[in-house]
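Working notes for the structure below.
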Amino acid sequence: MFKPFHIVPHDTRIDFMRYHKIGLLISVILVVGSIFLLATRGLNFGIDFAGGILIEVRSEQPADLGALRNQLSGLGLGEVSLQEFGSPNDVLIRLPRQDGSETAQQEAVAKVRQSLGDQWEYRRTESVGPKVGAELIEGAIIAFILAMGGIMAYVWFRYEWQFALNAVLALFHDCITTLGLFSLLGLQFDLTIVAAVLTIAGYSVNDTVVIYDRIRYDLRRYKSMPLRELINTSLNTTLSRTTVTSGLTLLSVLALFFFGGGVIHGFALALIWGIAIGTYSTICVATPLLLYMNLRRNKSKNKEEAAAETAG
């Protein structure tokens, strides 16, 4: 008879809390290192934030992005970014903002036109100034703060303030280390990476809430069990779900990273790191910190128990 295959056995007894201080220490090192990198190296802002030139062109035949990239990279205009736009015949060309006034930007556009020749149809040309880039940076920061605030409010309402605080700390851990990774590698940081960071936040809090829900259930079920042992039990119970969900999601993102093309390379890398660090932070940051939050078990009684006590 066929037996189901389990990646993680249902009866695991891993003592996560035995090593939780080591996990917290690693997280502190990662966060401090990321903040140091951001303060010293900063981020390699893309055109969305640093400003630049955007040119939309169309050809009669599907464009060869590799050959086109090599052709334009030799013009001395900085890092050139190419992206299919709607169809293989339409290409979006992004150039960094050139030093100088608007005349320098026009000269860069003229160089591109001269290099490409007349076989291309020029559909749109835009120049993004530094003021627009600054506004986008401000908008990205506001979006991040609102996302963190909304997540904290939901977890606080759904559970207790201790859970909410730990969830936000874990989210900050995930997002700041993602920024640190991009700073370390010098990868381009643009609006697509902001979207990836917010996606990481949503994915990480989903994983955290699943484990928190199990901890709350076990707090009601095992009223005399030591908290350390109870957290271990909850983590082991949800380990199979966490591993399978993270593993399958990671497989999808790896496919994007290797086969999705250079346009979404940074986005896929951010998600790969986010899935890995989000799973880690759920197990090694958000959950172990509950040991130090003085959880009150009487708050975890369900409504039926409270009603029975009142009636008695």
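The values are calculated or read from the model by the stated rules, or taken from the named source; none is laboratory data. Everything quoted here is computed from the prediction, not taken from an experiment. FYI the Cβ positions are ideal-geometry reconstructions off the backbone, even for glycines, and counts take in every protein chain you see.
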Against the condition over 30 Å from Asp64 (Cα atoms), more than 15 Å from the chain's Cα centre (by Cα) and surrounded by 19 or more Cβ atoms within 10 Å (Cβ to Cβ), how does Phe163 come out, does it pass? yes
Inside the stretch 77-91, the number of residues satisfying the requirement of being closer than 13 Å to Val109 by Cα and within 27 Å of the chain's Cα centre (by Cα) is 1
Candidate set: the stretch 217-226, residues that are surrounded by fewer than 16 Cβ atoms within 10 Å (Cβ to Cβ) and not small (Gly, Ala, Ser); chosen: the one nearest to Asp207 (Cα to Cα): Tyr217
Identify the residue in the stretch 179-221 that is part of a helix (DSSP H, G or I) and among the charged types (D, E, K, R) and, among all such residues, is nearest to the chain's Cα centre (by Cα). Asp207
Among Leu169, Leu235, the single one that is under 20 Å from Ile277 (Cα atoms), in a helix (DSSP H, G or I) and within 17 Å of the chain's Cα centre (by Cα) is Leu169
Which is among the small types (Gly, Ala, Ser) and under 19 Å from the mean Cα position of the chain (by Cα), of Gly150, Gly74? Gly150
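The rows are residues; the columns are (1) surrounded by 11 or more Cβ atoms within 10 Å (Cβ to Cβ); (2) in a loop (DSSP other than H, G, I, E, B); (3) at pLDDT 80 or above; (4) of a type in the set (Val, Ile, Thr).
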{"residue": "Leu239", "(1), (2), (3), (4)": "yes, no, yes, no"}
{"residue": "Gly247", "(1), (2), (3), (4)": "yes, no, yes, no"}
{"residue": "Phe257", "(1), (2), (3), (4)": "yes, no, yes, no"}
{"residue": "Gly266", "(1), (2), (3), (4)": "yes, no, yes, no"}
{"residue": "Leu269", "(1), (2), (3), (4)": "yes, no, yes, no"}
{"residue": "Ile272", "(1), (2), (3), (4)": "yes, no, yes, yes"}
{"residue": "Ala276", "(1), (2), (3), (4)": "yes, no, yes, no"}
{"residue": "Tyr280", "(1), (2), (3), (4)": "yes, no, yes, no"}
{"residue": "Leu295", "(1), (2), (3), (4)": "yes, yes, no, no"}
If we keep just the residues of the stretch 92-104 that are among the hydrophobic types (A, V, I, L, M, F, W, C) and assigned to a strand (DSSP E or B), which is surrounded by the fewest Cβ atoms within 10 Å (Cβ to Cβ)? Leu92
Residue pairs within 7 Å by beta carbon, gap of at least six or interchain, first lying in the stretch 145-163 and assigned to a helix (DSSP H, G or I), second surrounded by 13 or more Cβ atoms within 10 Å (Cβ to Cβ) and of a type in the set (Phe, Trp, Tyr), listed first then second, are Val155/Phe163; Phe163/Tyr212
I need the full set of residues from the stretch 33-91 which are hydroxyl-bearing (Ser, Thr, Tyr) and either part of a strand (DSSP E or B) or crowded, with 19+ Cβ neighbours inside 10 Å (or both), in order please. Ser34, Ser81, Ser87
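So that you can scan it fast, the table gives a plain yes or no per residue for (1) over 24 Å from Thr192 (Cβ atoms); (2) of a type outside the set (Gly, Ala, Ser); (3) in the same structural domain as Asp190 (by TED's automatic domain parsing):
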| position | (1), (2), (3) |
| --- | --- |
| Ser73 | no, no, no |
| Gln83 | no, yes, no |
| Pro88 | no, yes, no |
| Leu92 | no, yes, no |
| Leu95 | no, yes, no |
| Gln98 | no, yes, no |
| Ala108 | no, no, no |
| Gly117 | yes, no, no |
Flagged in the stretch 190-207 as aliphatic (A, V, I, L, M), surrounded by fewer than 20 Cβ atoms within 10 Å (Cβ to Cβ) and within 22 Å of Leu169 (Cα to Cα), in numbering order, are Ala195, Leu198
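Residues checked against (1) surrounded by 20 or more Cβ atoms within 10 Å (Cβ to Cβ); (2) among the charged types (D, E, K, R); (3) in the same structural domain as Val253 (by TED's automatic domain parsing):
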position	(1), (2), (3)
Gln188	yes, no, yes
Val209	no, no, yes
Arg228	no, yes, yes
Ser234	yes, no, yes
